[in-house]
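Beneath this line is the structure, given in structure tokens, with notes to follow.
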Amino acid sequence: MTNATEPLRVYHNPVCSKSRGALEILGERGVDVEVIEYLKAPPTRAELERIVDAVSDPPATLVRKDKKFGELGLDAADYQSKEQVVALLLEHPELMERPVVFRGERAVIARPSEKVLELFD
């Protein structure tokens, strides 16, 4: 059971509207938040493995298949397993889908931003 006073951990990118939206929702609820700007302080292998394990979605969901993904010449089929996703995000943290919000041992990718509310169910 999570201590109610324990802050939620948010892997945040300030240029992302969904990330800002999730923080706004948490702020409106008066929730304590620990913000980690993951592009300035990239997650370690252990942190990435914890994220993949805590998010109920398949590991591949954590990878942004955006313009940068295409520019790197990557193929989504190559990034399906936990190990593949962690290795990719260690090398290219900018490809991590965001925001990832932790409450205790549970986490969600808050896209849309309102998905963060699932952590309060």
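The values are calculated or read from the model by the stated rules, or taken from the named source; none is laboratory data. Only a predicted model underlies this, so the values are computations on that prediction, with no experimental measurement involved. Virtual Cβ from ideal backbone geometry, glycine too; neighbours counted across all protein chains shown. Side chains included, ligands, DNA and RNA excluded: accessible areas come from the protein's heavy atoms. Shrake-Rupley method; radii C 1.70, N 1.55, O 1.52, S 1.80 Å.
Which one is least open to solvent (accessible area, probe 1.4 Å) among residues in the stretch 13-22 that are in a helix (DSSP H, G or I) and farther than 18 Å from Gly104 by Cβ? Before you say what the answer is, go through the steps one by one.
The first filter runs over the stretch 13-22 and keeps only residues in a helix (DSSP H, G or I), leaving 17-22.
With farther than 18 Å from Gly104 by Cβ added as a condition, the list becomes 17-21.
Working: Ser17: 69, Lys18: 72, Ser19: 0, Arg20: 115, Gly21: 16 Å².
Per the stated criteria, the residue is Ser19.
Identify all residues within the stretch 50-97 that are out of contact with any helix residue (DSSP H, G or I) (no Cβ under 6 Å at 6 or more places or on another chain), open to solvent by 60 Å² or more (accessible area, probe 1.4 Å) and part of a loop (DSSP other than H, G, I, E, B); write none if there are none.
Listed by number, the residues that qualify are Ser56, Pro58, Leu72, Gly73, Asp75.
Only one of (1) in a helix (DSSP H, G or I); (2) touching a Pro at 6+ places or on another chain (Cβ under 6 Å) is not met by Ile25, so which one is it?
Ile25 satisfies every listed condition except (2).
Which residue is farthest from Ser17 (Cα to Cα), if the candidates are limited to the stretch 108-121 and must be open to solvent by less than 60 Å² (accessible area, probe 1.4 Å) and more than 8 Å from the chain's Cα centre (by Cα)?
Phe120
Condition first: part of a helix (DSSP H, G or I) and surrounded by 15 or more Cβ atoms within 10 Å (Cβ to Cβ). Now tell me which residues in the stretch 38-49 satisfy that.
Glu47, Leu48, Glu49
Check Val10, Val35 and return the single one that is β-branched (Val, Ile, Thr), under 19 Å from Val116 (Cβ atoms), touching a residue at least 40 places away in the same chain (Cβ under 8 Å) and in a strand (DSSP E or B).
Testing whether each residue is β-branched (Val, Ile, Thr), under 19 Å from Val116 (Cβ atoms), touching a residue at least 40 places away in the same chain (Cβ under 8 Å) and in a strand (DSSP E or B) leaves just Val10.
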